[in-house]
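Right, one structure below, let's go through it.
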Amino acid sequence: MTTFSRRKALALAGAVALASGLAAATPALAQDCEKVELTFTFWGSVNEKNDIENAVKNWNTNNPCIQVKPMHIPATGTNYVQKLTTMIASNTAPDIGYLGENQAFQWATEGKILDLSPYMGETPDQQYIKSTIYKAGDTLMGTGLATGVMLIYYNKDVFDAAGVPYPPAKADEAWTWQQFVDNAKLLTKDRSGKNATDPAFDPNSIDTFGVTLPSWWGGWYPYVMSNGGQFANEDGTALTLNSPEAVEALQGFQDLIYKDHVMPNPTQTSSLPTGDVLMQSRKVAMSMDGMWRVTDFAKLGINWGVGVLPKWKTAETVVLSVPKVIFSQTKHPKEAYEFYKYISDPAQVGLFKSGLWAPHEKAYFTEPDLLKTWVQAEGSAYPPEAMDAIVDYTLNHAPQQAPVYQLKNIGQIMSEAVEPNIQQIMNNKATAQDAMDKAVATAQPMMQGRW
């Protein structure tokens with residue numbers, strides 16, 4: 001199969017469009033090749049499933065010698081991993097697939113994941129965003145499927161009504177944590193219309209909250225990093241979330257609920273709809289969430305925008321990226337790698353333009369013609385400020401790889417030590433210091449170092 005550079009492919013877009021019209025009426029010319037068949041496993045919503053299947057269909061049309069069978073497996077519970085485990089045990093593993101980080105790193109050390117060093121070279125970080133490159137020991141697993149950073153979404157009409165400036169889109173203009181709290185107070189209104197700065201404000205009768213932040217690690221860890229804190233020590237043998245820097249950030253998170261009264265508590269949150277729906281109904285002014293929610297906010301029919309996270313010391317966010325792997329059982333590694341690259345190409349998959357995925361190759365964040373394949377594409381879901389709040393923010397302000405892609409045994413550490421104690425903070429059952437001291441002690445026998 002002849003492989004064109006992306007730049008050549010874009011330059012030939014007109015010719016491809018013409019050829020696609022002819023292809024609809026003319027069968028593909030037979031090619032003198034031995035047909036290769038690959039299996040690709042993935043999960044996702046109905047919309048994601050349809051988009052992926054369309055991309056695979058296009059691949060199969062244009063690559064008659066390498067045919068790919070898409071296999072959608074719901075990711076509910078352990079269903080996806082169980083299915084793959086059975087396939088691997090029966091020597092019928094897929095060739096390419098999504099894989100959750102816990103399983104991906106473990107399977108890489110067990111030889112179940114193909115080492116992509118021969119295909120990606122010694123310096124993949126020159127091409128890809130560094131935090132999306134995954135290694136387990138000497139095995140280069142490859143990259144994530146796409147990227148998504150944590151952002152602030154907001155309802156512009158709620159801000160306008162309160163006379164509050166919009167959250168900055170530029171990282172170098174990010175609100176300080178105190179500015180964030182002060183503005184959230186102005187946006188929080190009780191049922192009599194008083195905001196949270198008014199001495200007569202009733203915190204037990206709130207009609208509009210200033211903000212909602214998720215309680216999973218993507219909702220609080222960026223602020224720990226911003227304040228100079230770390231999840232674990234350098235060699236990954238001790239949890240460090242009880243450091244002064246981490247504790248201050250986590251205490252600030254708790255204070256949003258119980259001191260500042262600008263965010264719903266967990267009991268209230270459990271009975272409320274998602275942040276995008278709350279924004280649509282004007283029950284919340286800001287919602288922290290992943291970049292992948294652009295696709296949902298774009299469908300709400302409200303006047304919305306995106307901004308960077310508030311900062312403690314430095315403006316930082318975190319990149320999330322589902323590992324995408326080639327299984328070592330594949331009989332066709334070269335052909336599998338061709339499709340491996342294709343399925344993360346914004347020019348081929350509509351999920352980039354729709355706002356569910358962002359690219360993982362640096363060129364798509366810097367080159368004008370490649371930006372036009374997703375964030376600046378005609379009809380894309382992104383608001384104008386996305387060039388700063390997503391493009392620049394991802395490329396230049398997400399310096400650290402998230403701990404879930406670095407630490408061994410992270411699943412047990414999170415589920416048994418960190419998450420229960422984060423919930424203690426969120427439920428006002430413990431101070432951040434006491435909760436994190438307990439988390440550190442509980443996690444100690446579970447710490448096994450870094451991959």
Practice problem: May I ask what percent, to the nearest 5, of DSSP beta bridges between residues of the chain are antiparallel? | Solution: 70
Self-check item: Cα-based equivalent ellipsoid, the stretch 45-112: semi-axes from gyration tensor eigenvalues, Å
Solution: 24, 16, 10
Self-check item: Distance cut-off 12 Å, percentage of C-alpha pairs in the stretch 205-255 lying past it
Solution: 66
Quiz item: Long-range amide H contacts for L140: which residues qualify at under 5 Å (H placed 1.01 Å from N, peptide plane, sequence gap of 5 or more or a different chain)?
Solution: L116, S117
Exercise. Would you list which aspartates and glutamates come within 12 Å of K331, measuring only between C-alpha atoms, while excluding same-chain residues fewer than 8 positions from it?
Key: E37, D95
Self-check item: For G305, distant residues with modelled amide H under 5 Å away
Solution: Y154, K156
Quiz item: Sorted from fewest to most neighbouring beta carbons within 10 Å, what does the list D95, D198, D296 look like?
Solution: D198, D296, D95
Practice problem: Tell me, rounded to the nearest percent, the portion of alpha carbon pairs in the stretch 334-376 spaced more than 12 Å apart. | Solution: 58
Quiz prompt | Hits among lysines - C-alpha to C-alpha of K194 under 19 Å, sequence gap 8 or more where chains match | solution = K185, K259, K283
Quiz item: Between the helical axis of 79-89 and the dominant principal axis of the chain, each derived from Cα atoms, what acute angle in degrees is found, rounded to the nearest 10?
Solution: 40
Quiz item: By how many degrees, 0 to 90 and rounded to 10, does the Cα axis of helix 333-342 deviate from the longest principal axis of the chain?
Solution: 50
Quiz prompt | Alpha-carbon spread of the chain, three principal axes, descending order, Å | solution = 80, 51, 36
Exercise. Over 19 Å, how big is the tail of the calculated P(r) for the stretch 155-295, in percent of all Cα pairs?
Key: 54
Exercise. Rank the residues Y405, Y223 as a footprinting-exposure proxy: fewest other Cβ atoms within 10 Å of their Cβ go first.
Key: Y405, Y223
Practice problem: Neighbouring Cβ atoms within 10 Å as the yardstick, rank D190, D207 fewest first. | Solution: D207, D190
Quiz item: Considering amide H positions built from the backbone, and no H for Pro or chain starts, which residues 5 or more places from G148, or on another chain, come under 5 Å of its amide H?
Solution: L320
Self-check item: Helix axis angle, 217-226 relative to the chain longest principal axis, alpha carbon, degrees
Solution: 70
Self-check item: ³J(HN,Hα), Karplus 6.51/-1.76/1.60, whole Hz, each residue of the stretch 357-370, x for Gly, Pro
Solution: 10, 10, x, 10, 8, 4, 4, 6, 9, 10, 8, x, 5, 7
Self-check item: Value at 222 nm in deg cm²/dmol, rounded to 500, when DSSP H runs of n ≥ 4 in the chain each add -39,500 (n - 2.57)
Solution: -9500 deg cm²/dmol
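Read-outs throughout are calculated quantities, based only on the coordinates presented, and are distinct from any laboratory measurement. Note that the structure is a prediction, hence the values are computed from the model and not measured. Counting neighbours? That spans all protein chains shown, and the Cβs are built from the backbone with ideal geometry, glycine included.
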